[in-house]
Structure formats: structure tokens, C-alpha cells
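Take a look at the structure below.
Any read-out appearing in this document is the output of simple, stated calculations on the displayed coordinates, not a laboratory observation. These figures come from a predicted structure and were not determined experimentally. Using ideal geometry, Cβ is built from the backbone for each residue, glycine included, and neighbour counts are taken over all protein chains shown.
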Amino acid sequence: MRETIAAATMPAPHEPVRVREFAPPDPQSGGAILRTLYSEVCGTDVHLHEGRLAGVPYPLIPGHVSVGILSDIRGTILDIEGSLFREGDVVTFLDVHETCNACYQCLVAKQSTRCPHRRVYGITYGAEDGLLGGWSEAIWMKPGVKIVRMPADLPPETFIGGGCGLMTALHAVDRGDIRLGQSVAVLGVGPVGQSAIALAALSGAGEIIAIGAPASRLDFATRMGATAVVGLDVPPQERTTQVRALTGGRGVDLVIEAAGAPEAVSQALDLVRDGGRVVVCGQYTDHGATEINPHSQINRKHVEIRGCWGSDFSHFHRAVDIAARHSNRIPWAEMATRRFDLAHAGDALEAVATRAVLKAVIVPNS
Ligand SMILES: [Zn+2]
Ligand SMILES: [Zn+2]
């Protein structure tokens, strides 16, 4: 381990990303160091830079989903099967840490993603808390962090291409309770929407309609498993007409909203059939209110609306397994179209913010 560790930091919202040197972590018993191979840049990092998330302790080392090589293991760290992690293992880890398993949300409501004590690497841990973000040559694996081995048949590049969008999409598809043959519309063709399309297809959905822009992302959506696409150049009323035409005039059984614009939720309610379901997972940051007619869009339609917040270890663990099993058929690796070193992390953020790339990958040790 070098004397200092370089990491790209966000000093504060809207301030340029800056590389800083940090003292190497001194892992406590049960901890380790991860030498970072890849970390990702996703829409959340753009929102962090815009200051759209509450409770973020800037300065921050972003990067919540990462892959790396374990080193400096102190004591023993076991995976969920009980097998020992060794130095040199290629692993990833759940960014959510310190879920307490002692509060109402954890124990009674059994919805640990709403645990008030949970902290998230690269989001709610600040740089002053230690090397707890992925845009860094090394990441401190705190004791209790949930580490997952990369399966031998899963290239790290493929996993990071799916990245956090894959876990979010898995949670959203779980919330959607898809049945074989059901029709699904996915609003938004960013990383979450693309993975939601792939997972809906794996779940046995019938018609899968991708709605978004630009055309290149809709083309990619068809490779992920979409059976039909509708561009945002089509006016909203006409989109509804097209979706109804594909579903016997009724609308889809399930809409997964992964677009981010508040109006997309209203659109989702127009696209779903009577008695269908809408899962909202695109409103991770607050983009304001939108107008909904409760009578015609919810009550009379008899629809079910489900929110979807974060992901837990079950989503993470299964996402790694699914990515490994289907990496030959589903082009997750191609989602991470550009790589950046730490010095160019700001450019990576810009490329994601301007939608020049679907996803950017940071390679800290390049
Ligand atoms: Zn809790
Ligand atoms: Zn993310």
C-alpha cells in the first residue's frame, strides 16, 4: 500500500471534483482494504453534485458501487455461505452499511431500506469519515460491510456495467410482482430502465414497451429485451394510444417508472390498465410535484401504486448471481461505455449529466 491514497472528491455541490491525497485506512478487526478496480458514475452522483439529496456530508468521495481486490484483511471475514475471504479475492460490496436490525423499520415493518440508521458508501458517508467511496485508489471495508465474491464467470466490467441500476431494477421488478406473459411498460431508458427491461424479460413478461430517449438508448433497450419502443418525440397522449394499441386497448399490466421526471408518474397512471400496478423507482431525488387526477387516474382505474426505495442485501446478492448467469445474453458490459481515471472524474460526471454516455466507469488505479 502506498503512503497516501488518491481519491476524487466533491468538495460541495456545484464545485469542481478535485483529487486529494488521504492517509491509508487502518482497518479494524473484521475490516479490510479494497484496491479499487472499477467504480461507477450514475445519475445519483450527478444529483449529489447538484446538491439534490438531503443529509449528504460534503466533502464526499462518491462511488457507491465498486469492484476491487481485497487486501489487508484483519481477522476473519466470511461470506454468507460461511466461506472465508482471502486477500486477492475479486469482490464487490453492498454500499448500504449500518442497517441496525434493532429498529421498528428493520424488525417490525421488515423494510430495512427505510432504517434511519443506515449509511451508504459514497452518499451518506463523507470524506471526513474515511475512504468510504469508490472514486478512490482504495476503499476502507468497515467491519460488518457485506462483501460478495465476483463469480469466476462474471467479468467485473460486466457487473459494473449493470452496477447500482441493476439492484434498483431488481427491487423494482420484485415490487412489480410480474406474472408470466404480463405486459410491462418501462418509463426511462437510463441504467435503471435498461436493467428493468432485462429483468422483466427474465421474469417472463410478454410485451415489454420501453419509453424514453434518445433513439440510441431505445435501440439498446431492444437488445436488453424490449419488444416495442416509443420515443419521447411522440406526444404523451399519442404514447398512451400506442401503448393501448399494443395491449388490446387496455394498457399494460405493470408500469415501472424509472424516468425521474415527476410527470412520468402521471404518465405511468395513464399507461397502466384498470387494476394494474405502477412501481415508482425513478424519483430518487426531489424534482418537485406533478399534477395527478385522483379520480380518473387512480380511484376509478382501481390501480395499485408502489414506491421502491433503495435496495438491500437480497437484491444485491441476487443481482450478482443474475449478472453472472446471463452475462452472455444481456449486454450489461456495453452499458459502461467510457472509462475515466481519477483526474478526469469531473469529466465522467459531466458525460453522465449531459447523457453523452449511459454510464461512466472510474478506473482509480489506471
Ligand atoms: Zn434499523
Ligand atoms: Zn448509483
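Some observations on this one:
- Peptides ranked, highest mean first, by Cβ atoms within 10 Å: ranges 302-308, 284-290: 302-308, 284-290
- Sequence-distant residues sharing a close amide H with residue 53 (under 5 Å, placed H): none
- Given charges at beta-carbon only (K, R positive; D, E negative), |dipole| of the chain in Debye: 800 debye
- Electrostatic tally near residue 103: other residues with Cβ closer than 12 Å to its Cβ, Lys and Arg +1, Asp and Glu -1, net +2.
- DSSP-defined antiparallel bridges as percent of all bridges, the chain, nearest 5: 55 percent
- Cα gyration tensor shape for the stretch 22-153, rounded if a/c is under 1.5, else prolate or oblate: oblate
- Helical contribution to [θ] at 222 nm, DSSP H n ≥ 4, -39,500 (n - 2.57), averaged over the chain, rounded to 500: -8000 deg cm²/dmol
- Principal-axis analysis of the Cα atoms of the chain puts helix 236-245 at an angle of about 70° to the longest axis.
- For the stretch 75-142: rounded, prolate or oblate by the Cα gyration tensor [a/c cutoff 1.5]: oblate
- Lys/Arg +1, Asp/Glu -1 at C-beta; the stretch 23-91 dipole; positive extreme among 33, 85, 62: 62
- Span from the the stretch 291-313 Cα centroid across to the the stretch 210-280 one, whole angstrom: 15 Å
- Local electrostatic count at residue 177 - Lys and Arg +1, Asp and Glu -1, tallied over other residues with Cβ under 12 Å: +1
- Rounded to 5, percent antiparallel among DSSP beta bridges of the stretch 260-366: 0 percent
- Proximity of backbone amide H atoms, modeled 1.01 Å from N, is registered between residue 22 and 5, 6, 7 at under 5 Å, excluding neighbours fewer than 5 places apart on the same chain.
- Label point distance in nm, residue 58-residue 317, each placed 7 Å from Cα along Cα→Cβ: 3.8 nm
- Sum of side-chain charges, residue 205 neighbourhood, beta-carbon under 15 Å (Lys, Arg +1; Asp, Glu -1): 0
- The chain: relative contact order in percent, alpha carbon pairs under 8 Å with at least 6 residues between: 19 percent
- Cysteines, the chain, no other Cys beta-carbon under 4.7 Å: 42, 100, 103, 106, 115, 164
- C-alpha center-to-center spacing [the stretch 335-355, the stretch 74-149] in angstrom: 25 Å
- Residue 66 long-range amide H proximity, modeled H, under 5 Å: 93
- Of the Cα atoms belonging to the chain, the radius of gyration and Dmax stand at 20.4, 65 Å.
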